[in-house]
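See structure below.
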Amino acid sequence: MIPAIVLAAGKSTRMGRPKATLPLAAETFLSRIVRTFHHAGVDDVVVVVGHEAQAIMASLSHAGVSARFVLNPDYESGQFSSLLKGLDAVDTAEVSGALVTLVDVPLVTAATVRAVIERYQRTHAPIVRPTRGREHGHPVLIERSIFGEIRAADPPGGAKPVIRAYASPAGDFDVADEGAFLDIDTPEAYERVIAEGRL
């Protein structure tokens, strides 16, 4: 089983309002991501919330898609604390790994999510991630075998050193999906996406 974790607990300081509830056509950032995972065959989606948690949970309840919510009361300490909460929520013996993405990356396609899962099933690489040249996109699949190392990581550095240590040619693969690399975290980036009609 491979669940998904969506990190949506931050204060969205650069955006100025919660990214999870921002509109994308008839969706929000969060409902779009959750629906994408469901379309890719991922049944268990965990959303880690913190800042304005009630508003974010309410927004999804009106969208016709379901997810599990996990509250991170320490969200102000950084994204790594939310990742740890998400890993704790999905870590069972039946789980082989977890897909992790940011609420900032709402336009990734279900095809890319499926490709990440299929790549893992073929290679069993401990880290699987879509790439474009030297860019690394989302979602990232983290094998359960390294959850412990991520939990033991130095909080200021977070999970990145562990992910880099386990990244490999087997797990990195090119995708043409621009949405996997499009981090919408400022008003300018959001307005550009709306203006270009990339919904």
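Summing Lys and Arg as +1 and Asp and Glu as -1 over all other residues whose Cβ lies under 13 Å from the Cβ of Gly50 gives a net charge of 0. A probe of 1.4 angstrom, applied to the heavy atoms of all protein chains, finds Phe37 with accessible area near 0 square angstrom.
Of the residues His136, His39, the one with the largest accessible area comes first in the ranking His39, His136, computed with a 1.4 Å probe on protein heavy atoms. Shape summary of the stretch 4-122, radius of gyration then Dmax from alpha carbon positions: 13.6, 41 Å.
For the stretch 1-121, the fraction of 1.4 Å probe accessible surface lying on carbon and sulfur atoms is 50 percent.
Averaged per residue, the chain has 46 square angstrom of accessible surface, using a 1.4 angstrom probe with ligands and nucleic acids left out. Seen from Arg68, the other residues with C-beta closer than 11 Å to its C-beta sum to a net charge of -2, counting Lys and Arg as +1 and Asp and Glu as -1. Just to be sure I understand: with springs between alpha-carbon atoms less than 10 Å apart, which residue in Pro73, Pro169, Pro139 has the highest mean-square fluctuation in the Gaussian network model of the chain? The residue that fluctuates most here is Pro169. When the alpha-carbon atoms of the stretch 128-199 are used, the pair Rg, Dmax equals 15.0, 43 angstrom. Comparing the chain with the 2.2 N^0.38 Å rule of thumb, its C-alpha radius of gyration ratio is 0.95 (two decimals). The heavy atoms of Glu178 present about 90 square angstrom of accessible area, all protein chains included, probe 1.4 Å.
From the square roots a ≥ b ≥ c of the eigenvalues of the alpha-carbon gyration tensor of the stretch 1-43, which class results: rounded (a/c under 1.5), prolate (a/b over b/c), or oblate? Can you show the working numbers first?
Working: a/c = 4.87, a/b = 1.63, b/c = 2.98.
Verdict is oblate for the stretch 1-43.
The values are calculated or read from the model by the stated rules, or taken from the named source; none is laboratory data. Bear in mind the structure is a predicted one, so any value in this text is a computation, not a measurement. For neighbour counting, all protein chains shown are included, and Cβ atoms are generated from backbone atoms with ideal geometry for every residue, glycine included. To get the accessible areas, we keep the full protein, side chains included, count just its heavy atoms, and leave off ligands, DNA and RNA. Shrake-Rupley method; radii C 1.70, N 1.55, O 1.52, S 1.80 Å.
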